[in-house]
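First up is the structure itself, then whatever we jot down about it.
Bear in mind that the values in this text are calculations on the coordinates, not laboratory data. Computed from a prediction, not measured in an experiment: that's the story for all the values here. Every residue, glycine as well, gets a Cβ built from its backbone with ideal geometry; the counts of neighbours run over all protein chains shown.
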Amino acid sequence: MERNTLVIGGAGFIGSFLCKELLKVSDKVIALDNLLRGKKENVKDLVSNPKFSLIIGDANDVTNLKKIIKDNKINYIFHLAANSDIQASAMNPSIEFECTAKTTWSILYAMRECGVKNLFFASTSAVYGELKGENFSEESLLEPVSYYGSAKAASEAFIRSYSYMNDFNALIFRFPNVIGPNLTHGVFFDFISRLKENPTELVVLGDGSQSKPYMHVSDLVRGILMLIWDNKGVNTYNIGVEHDTPVRKIAEMVVREMNLPNCKIKYGSGKIGWKGDVPHFSYKLDKIYSTGWKASMDSDEASLETIKEALGKK
Ligand SMILES: NC(=O)c1ccc[n+]([C@@H]2O[C@H](COP(=O)([O-])OP(=O)(O)OC[C@H]3O[C@@H](n4cnc5c(N)ncnc54)[C@H](O)[C@@H]3O)[C@@H](O)[C@H]2O)c1
């Protein structure tokens, strides 16, 4: 069977990396992106490939979405469109409804109308909310504390009902923090951008003890491509790495790799960087490990790799 793929959010950080890898194993790769945070530059090396096209458009324009699906005989959709700036939606929650929840509904609706049966969905550890005791497993209650987390949890529920009603196959990965080349946001992007502007001082939100697992995008995409083609029914996986990297360590690594020995790192107080941020989470990976997938880099290795990539040292 031909693999004609549509990556929605394909000019973003993870989407552009996924497009590059999909080109090696698919007949056609269409990236659809409204360039809210994505950039044409992220796919500039792909546009000369005759199997690839970038379409600038919005996932909520269902008429256009249906035309793209039909014109290109799409049979696999990778849904990565979302607002990825949690701090922006803390100020304006409607961003999450439009970009994260409604896009899922629009895509599912278009799939139903066009008869597309296979979906990959980029979910998040933020669907779980704050860690209260045991590590989260895929069966844990979803108690999101951010608008972003709730829009993703709602998306997962939409996917379940559309899949049940229409016999869709859906692969859902709940990602931790994903890092790598072409980052558009997050702590690595933020620290490096700010230090380029002012190499003498780095102000860190919170006391620097906030610690999260960071996974390299290459490991994530390898997992997606390992499981998507034979996926049947709705399957949800936590995907991640086992160890965490504290913000303090990231700040120190960035300053060291940028060769700024005189830079002062100034920490704030408290564990939470901003309201809605989950300062620490941890989840079980047994289910994804049972498929044979395992990350090749731990959190510290992925962090260092990402800093080097951002500084052009790789
Ligand atoms: N990067 C992470 O750490 C992380 C963690 C958990 C989940 N995720 C999820 O993975 C996906 C990709 O994240 P990313 O880090 O690459 O972020 P990103 O912002 O780089 O990518 C998202 C892309 O979606 C596009 N987009 C947003 N709304 C759209 C719309 N209505 N129509 C068309 N395009 C639209 C944006 O322009 C952007 O290019 C997102 O769904 C995100 O929620 C990412």
- Message: Give me log10 I(q)/I(0) at q = 0.14, 0.16, 0.17, 0.23 Å⁻¹ for segment 38-88, Debye formula, one equal scatterer per alpha-carbon, no solvent.
- Response: -0.48, -0.62, -0.70, -1.13
- What angle do you read, to the nearest 10 degrees and between 0 and 90, between the alpha-carbon axis of helix 217-227 and the longest principal axis of the chain? 30
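Could you order peptides 11-19, 50-58, 120-128 by the average number of other Cβ atoms within 10 Å of their residues, highest first? Present the calculation step by step, with values, prior to reporting the outcome.
On the way: 11-19: 26.3, 50-58: 16.6, 120-128: 24.2.
Ranking, from highest mean packing down: 11-19, 120-128, 50-58.
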- Message: Taking R0 as 51 Å, what FRET efficiency do you get between Met91 and Met226 from their Cβ-Cβ distance, rounded to the nearest 0.05?
- Response: 0.85
- Volume per residue of the C-alpha convex hull in segment 54-146, rounded to whole Å³: 119
- Item | Calculated log₁₀ intensity ratio I(q)/I(0) where the Debye formula runs over C-alpha points of segment 90-202, q = 0.19, 0.22 Å⁻¹ | -1.07, -1.22
- Query: Near the amide H of Ser137, under 5 Å away, which other amide H atoms are found, from residues 5 or more places off or on another chain, if H is placed in the peptide plane?
  - Reply: Lys284
- State, as an integer percentage, the relative contact order of segment 55-138 based on alpha-carbon contacts under 8 Å between residues 6 or more apart. 40
- Message: Could you tell me the calculated FRET efficiency between Glu113 and Glu21, based on Cβ-Cβ distance and R0 = 35 angstrom, to the nearest 0.05?
- Response: 0.75
- Note on the structure: Loop-resident trypsin sites (Lys or Arg not before Pro) in segment 152-252 with no more than 11 other Cβ atoms inside 10 Å, DSSP not H/G/I/E/B, are Lys232
- For the pair Asp190 and Glu242, the simple spin-label estimate (label points 7 Å beyond Cα toward Cβ) gives in nm 2.9
- Give, to the nearest whole percent, the P(r) tail of segment 161-314 beyond 24 angstrom, counting all Cα pairs. 41
- Item | Using a Förster distance of 30 Å, the FRET efficiency for Glu201-Ser296 (Cβ separation, nearest 0.05) | 0.30
- In degrees, nearest 10, range 0 to 90: what is the angle between the Cα axis of helix 299-310 and the longest Cα principal axis of the chain? 90
- How long, wide and thick is the chain, going by the Cα atoms along their three principal axes, in whole angstroms, largest first? 58, 46, 40
- Query: When the C-alpha atoms of segment 185-224 are aligned to their principal axes, what extent does each axis show, in angstrom, from largest down?
  - Reply: 40, 23, 12
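Would you mind calculating the gained length between Glu130 and Asp167 on full extension (0.36 nm times residue separation, minus the Cα-Cα distance), in nm to one decimal? Write out the running numbers ahead of the final one.
Working: separation 37, 0.36 × 37 = 13.32 nm, distance 3.31 nm.
Extra length from Glu130 to Asp167 when fully extended: 10.0 nm.
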- Note on the structure: CD proxy, 222 nm, the chain: helix-only mean residue ellipticity via -39,500 (n - 2.57) per DSSP H run with n ≥ 4, per residue, nearest 500, stands at -10500 deg cm²/dmol
- Message: Restricting to bridges with both residues inside the chain, how much of the DSSP beta-bridge set is antiparallel, in percent to the nearest 5?
- Response: 5
- Could you pull out the GluC sites (Glu not before Pro) across segment 1-76 that fall in loop regions by DSSP (anything but H, G, I, E, B) with no more than 14 other Cβ atoms inside 10 Å? Glu2
